[in-house]
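Below is one structure, written out as structure tokens; the observations come after it.
The values are calculated or read from the model by the stated rules, or taken from the named source; none is laboratory data. Every value quoted in this text rests on a predicted model; they were computed, and no experiment measured them. Cβ placement follows ideal geometry from the backbone for every residue including glycine, while neighbour counts extend to all protein chains displayed. With ligands, DNA and RNA removed, areas are computed over all heavy atoms of the protein, side chains included. Shrake-Rupley method; radii C 1.70, N 1.55, O 1.52, S 1.80 Å.
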Amino acid sequence: MTGRRAGARETILVLDCGSQLSQLIARRVRELNVYSELLPCDTPLQRIEAAEPRGLILSGGWDSVDSPGAPRVDPGIFALGVPVLGICYGMQLMAHMLQGRVVRAPEREFGPSDLEVLGSPSLFRGTPARQRVWMSHGDEILEPPPGFTVVARSTHSRCASMADDARRRYGVLFHPEVAHTAHGLAILDNFLRPICGCAGTWRMDSFIGEATAAIRERAGSGHVIAGLSGGVDSSVMALLIARAIPPSQLTCLFIDNGLLREREADEVIAAFARVYRLGVRRVDARARFLAALAGVTDPEEKRRAVGRAFVEVFEREARAIGPVEFLAQGTLYPDLIESTSFRGPSAVIKTHHNVGGLPETMKLKLIEPLRELFKDEVRRLGRELGLDEALVTRHPFPGPGLAVRLLGEVTEERLAILRQADDLFIRELKDTPGASGGSLYDETAQAFAVLLPVKTVGVMGDGRTYENVLALRAVTTDDFMTADWARLPHDFLARVSARIVNTVRGVNRVVYDVSSKPPSTIEWE
Ligand code: XMP
């Protein structure tokens, strides 16, 4: 968002060279109480300068620095006089751009590696001379650029870290941002405090003050329209906006697309009334969405159909409100990397319909106050804003809703089956204690039912049945970029399965999905 930062706070910019870990770097920096934002690596120098960063971090990436089209940064960043830390590809890029020599390593290094720190370099202050780090690279630095010295080596890399203290430029070949690097946080902290001179006073509640001030400044006296989906992101976004501008300037729209979970619409609207006494305009568009989805079976086509219907309904409602200048969206950074393609591996995986689309057709300016945050940070923010715990801890739900959890054609009848089975599963998860003291629901990051387009033979009473198969999916994950299937207890699965086949008409078989992401995705479509 514009107008927020301008020197008002310590900011570290992470320039994303295409690694899926880039976002994690920004988040670790925030954990160390320094505000951090992620920008694509080819962000123009002017934009970088305007943020007045205290330091820059060049992230990892999957490419080799000399391959055509490999991610690049503006060389002008090295003349800004701010400290630069290159991580993995970021280090190789820095070495390459500053006249060092980067070559293909004879042996690639993936996973844990032993690091030997040479002397007492500033970046490793307070950490042991030998430490466990996590590597993921195929290239290495044969010769660091002029002015740099090698400050650490590892099992397979002669130059696992390099430093030029005079110009405050540093490189590490390993990933300090991942938990497997034993002293990663301490290394990042050394970069932030002594090297960049950050005081580290940023907190989530500072975010509320800064974000609301920025929203107020951007919105001016213009009218803001916010789409509420029922998920935690859009709920938190709307509460933040409601805190920033007067109610007369804000319209929250809840579009009931008929693809929601059981009781979803009622719960969200009630929570809003409770927390901020904020009226939400509920639009019943169930028939419109069902019509748009009639006969559609391809997953991406479903997303597009839902997206188009959404735009249409939203536009119609916006017109009815009167002149609207801004559209508020609860987009998070991970939504952006999965939907747009900065570079490298972040190619489009799925079209997330809440990104893009509306602004071009409606000529609305965007307000996206959460675009730098992670899901768990959004949850913390939600708590600070007083959002109901049930909504704060609610598992994420995709924009196209049950349409992508119902494989094959979306019909009212199939939606009813899925909704009922999903609700039973979720209730059981909430009612069953897990190993950590919380419920099984709390111990899983996302859980849901999927209605398959397959019928199987069953037996009920004396008769043969030929009915639907329902899959249960539950995953554990921190960032939704990778995930593992949740090891739910067998007794629990047995109970849920029995309840579903006995209660939900139209289902005679229940299966449990034991696939991780990758190679599968969390959703089935
Ligand atoms: P996948 O299935 O790609 O999901 O592993 C990762 C996370 O993204 C959610 N998801 C979506 N969210 N629109 C959304 O707003 C979508 O089209 C969409 N597809 C997947 C998914 O629920 C999971 O949390």
For the condition loosely packed, with under 14 Cβ neighbours inside 10 Å, within 16 Å of the ligand (Cβ to nearest atom) and at pLDDT 95 or above, what is the one hit in VAL514, VAL457? VAL514
Tell me which of these ALA486 doesn't satisfy, since it passes every other one: (1) within 16 Å of the ligand (Cβ to nearest atom); (2) at pLDDT below 95; (3) small (Gly, Ala, Ser). (2)
So which of GLY408, GLY437 is away from the ligand (no atom under 16 Å from the Cβ), among the small types (Gly, Ala, Ser) and open to solvent by less than 20 Å² (accessible area, probe 1.4 Å)? GLY408
Within the group PHE191, PHE207, which residue is crowded, with 17+ Cβ neighbours inside 10 Å and modelled with pLDDT under 95? PHE207
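Considering LEU406, LEU385, which residue is closer than 30 Å to LEU250 by Cβ and not basic (Lys, Arg)?
LEU385
Just for strands (runs of 3 or more DSSP E) wholly inside the stretch 221-300: which have at least 1 residues that are crowded, with 18+ Cβ neighbours inside 10 Å and within 16 Å of the ligand (Cβ to nearest atom)?
224-228, 250-256
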ARG218 more than 16 Å from the ligand (Cβ to nearest atom), more than 30 Å from PRO144 (Cα to Cα) and in contact with a Gly (Cβ under 8 Å, 6 or more places away or on another chain): yes
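Aliphatic (A, V, I, L, M), in a loop (DSSP other than H, G, I, E, B), under 30 Å from LEU21 (Cβ atoms) and modelled with pLDDT of 75 or more, is that true of LEU373?
On the way: aliphatic (A, V, I, L, M): yes; in a loop (DSSP other than H, G, I, E, B): yes; under 30 Å from LEU21 (Cβ atoms): yes; modelled with pLDDT of 75 or more: yes.
Considered against the rule, which asks whether it is aliphatic (A, V, I, L, M), in a loop (DSSP other than H, G, I, E, B), under 30 Å from LEU21 (Cβ atoms) and modelled with pLDDT of 75 or more, LEU373 comes out as yes.
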Among the residues of the stretch 163-180, are any in contact with an Asp or Glu (Cβ under 9 Å, 6 or more places away or on another chain), open to solvent by 10 Å² or more (accessible area, probe 1.4 Å) and assigned by TED's automatic domain parsing to the domain that holds GLY18? no
Identify all residues within the stretch 463-500 that are of a type in the set (Val, Ile, Thr), farther than 30 Å from ARG28 by Cβ and surrounded by fewer than 19 Cβ atoms within 10 Å (Cβ to Cβ); write none if there are none. THR465, VAL469
The lone condition ALA186 fails out of (1) touching a Gly at 6+ places or on another chain (Cβ under 9 Å); (2) open to solvent by less than 10 Å² (accessible area, probe 1.4 Å); (3) assigned to a helix (DSSP H, G or I) is (2)
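Condition check: of a type outside the set (A, V, I, L, M) and within 23 Å of GLY401 (Cβ to Cβ). Does PRO453 satisfy that?
yes
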Identify, please: which residue in the stretch 130-147 is assigned to a strand (DSSP E or B) and open to solvent by 30 Å² or more (accessible area, probe 1.4 Å) and is, among those, farthest from TRP62 (Cα to Cα)? ARG130
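I'd like to check something: does the stretch 185-204 contain any residue that is within 28 Å of PRO398 (Cα to Cα) and under 22 Å from the mean Cα position of the chain (by Cα)?
Scanning the stretch 185-204, I find at least one residue that is within 28 Å of PRO398 (Cα to Cα) and under 22 Å from the mean Cα position of the chain (by Cα), so the answer is yes.
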Name the residues in the stretch 106-129 that are at positive phi and in a strand (DSSP E or B), would you? GLY111
Conditions (1) closer than 25 Å to ASP376 by Cβ; (2) in contact with a helix residue (DSSP H, G or I) (Cβ under 8 Å, 6 or more places away or on another chain) -> GLY258 fails only (1)
For PHE397, are the conditions met, namely being open to solvent by less than 40 Å² (accessible area, probe 1.4 Å), in a loop (DSSP other than H, G, I, E, B) and within 16 Å of the ligand (Cβ to nearest atom)? yes
